[in-house]
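Worksheet: one structure, shown below.
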Amino acid sequence: MYIDRLKLAGYRNYESVELNFSPNINIFIGENAQGKTNVMEAIYVLAMAKSHRTSNDKELIRWSAEYGKIDGDIQKKYGKLPLELTISKKGKKAKVNHLDQSRLSDYIGQMNVVMFAPEDLNVVKGSPQLRRRFLDMEIGQISPVYLHDLSAFQKILKQRNHILKRNQGKRDFEDLSFDIYTEQYVNAAVKVIRKRFDFMKLLQEWAAPIHFGISRQQEHLKIQYKSISGLESTWDTAQMEDFLLSKLKEQRNKEFERGVTLIGPHRDDLQFIVNDYDVQIYGSQGQQRTTALSLKLAEIELIKQEVGESPILLLDDVLSELDDYRQSHLLNTIHGDVQTFVTTTSVDGIDHNTIREAKMFHVKQGSVDSE
């Protein structure tokens, strides 16, 4: 799939702009703080209905505008698909093929993107929260039902935490509603965790050989989902639910002391093992970057396998963060197959056919000119 046309109105520093893209490589060149990343972000928001840079949607609206609007034409194997997303202070409204979508979870997945930005290098060495967000965003693209399951889990978690907080410090607490919420919590949590286990298995299958290639056949990558409760991927649903329920009973007094749910998918993590060492703790910066790059390239292949079409790749100021070898490996992988958007301050020093064949856009103070 690829995006053919993008129109922004009242979005970030763009009053109004309409762009037509190459189905291959599109490069946005300009100094910092001119609006390059805003275009990249808009493509991401059009796909995911949320930004990769902020959780505050009001920041996406131009300061003098009532609302921000993104619309684009997506070319898929069965034809053109118009998408539209309007962001206002009241919330977001989405349209697919000019038809209103009652739920954003029904909208997400119509357009698939893989974003690779400097902050994505922190997926490996950063906080568990970053890795959980990575999981949730990527699974949601290929499995809309996961978004429903995740939303249901988060609502029950919030209700359960409310009871814990309200009764924090109490001993011998008895409340039938809390026991009911705990059972609902276990059921919802296991649904999320099972989907994550399944996704990690697929991601591992793609990422391991990619990492082996990038590391010049020197490194073996293994990705593990770390369930804080100790759940095992080989267990069936009933086994997982029984085990998690027993763990929550063990933690009951401690949870009421702290006023918060202590175990579940909201506390789980990913672990990246390279040659039997935890790369987050013991890996060099080069190994950590190779792992992050392997994950992104694996995402492309995984989405292609699950959806039947290549996703759109967004490289936001990331080429300069990679050495020549990793840079070349990335560009060789995407050449001719994946529509790619690149932001950079300059293409000087990037010697690759992919770059020479690209459509160039020059960005300055919220204005975009194409060659």
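The values are calculated or read from the model by the stated rules, or taken from the named source; none is laboratory data. Predicted, not measured: the structure shown is a model, and the values here were computed from it. Using ideal geometry, Cβ is built from the backbone for each residue, glycine included, and neighbour counts are taken over all protein chains shown. To get the accessible areas, we keep the full protein, side chains included, count just its heavy atoms, and leave off ligands, DNA and RNA. Shrake-Rupley method; radii C 1.70, N 1.55, O 1.52, S 1.80 Å.
If you rank 222, 296 by how much accessible surface each has, with a 1.4 Å probe, what is the order from largest down? Show your work: numbers first, answer last.
On the way: 222 105, 296 15 Å².
Greatest to least solvent exposure: 222, 296.
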By the C-alpha gyration tensor axes a ≥ b ≥ c (rounded if a/c is under 1.5, else prolate when a/b exceeds b/c, else oblate), the shape of the stretch 102-227 is prolate
Given Cβ charges of +1 for Lys and Arg and -1 for Asp and Glu, the option among 72, 105, 87 whose Cα lies farthest towards the positive end of the dipole of the stretch 12-171 is 105
Probe 1.4 Å, all chains present, heavy atoms only: residue 181 accessible area in Å², nearest 10, is 60
Shape call for the stretch 24-79, from the Cα gyration tensor axes a ≥ b ≥ c (a/c under 1.5 means rounded, otherwise prolate when a/b beats b/c, else oblate), comes out oblate
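Tell me the mean residue ellipticity at 222 nm calculated for the chain from its helices only (DSSP H runs of n ≥ 4, each -39500 (n - 2.57), averaged over every residue, nearest 500).
When only DSSP H runs of four or more count, the value is -14000 deg cm²/dmol.
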For the chain, one quarter of the surface area of the C-alpha convex hull, expressed in nm², comes to 20.0
Comparing 112, 38, 20 in a Gaussian network model of the chain (Cα, 10 Å), the one with the largest mean-square fluctuation is 20
Cα-Cα longer than 20 Å, checked against 165/191; 7/50; 201/226; 50/89; 76/201, kept in input order, equals 165/191; 76/201
Beyond 32 Å (Cα-Cα) in this structure, taken from 195/359; 93/364; 80/158; 125/158; 93/247; 195/364, we find 195/359; 80/158; 93/247; 195/364
Classified through the alpha carbon gyration tensor (a ≥ b ≥ c as square roots of its eigenvalues; rounded if a/c is under 1.5, else prolate when a/b is larger than b/c, else oblate), the stretch 4-134 comes out rounded
Treating only Lys and Arg (+1) and Asp and Glu (-1) as charged, each at its beta carbon, one finds that the stretch 155-218 has a dipole about its Cα centre, in Debye to the nearest 20, of 300
Per DSSP, the loop-located GluC sites (Glu not before Pro) within the stretch 202-305 having at most 11 other beta carbons within 10 Å are 232
Between the alpha carbon centres of the stretch 7-22 and the stretch 166-242 the gap in Å comes to 40
Quick numbers on the stretch 220-322, Rg and Dmax over C-alpha atoms in Å, give 18.5, 51
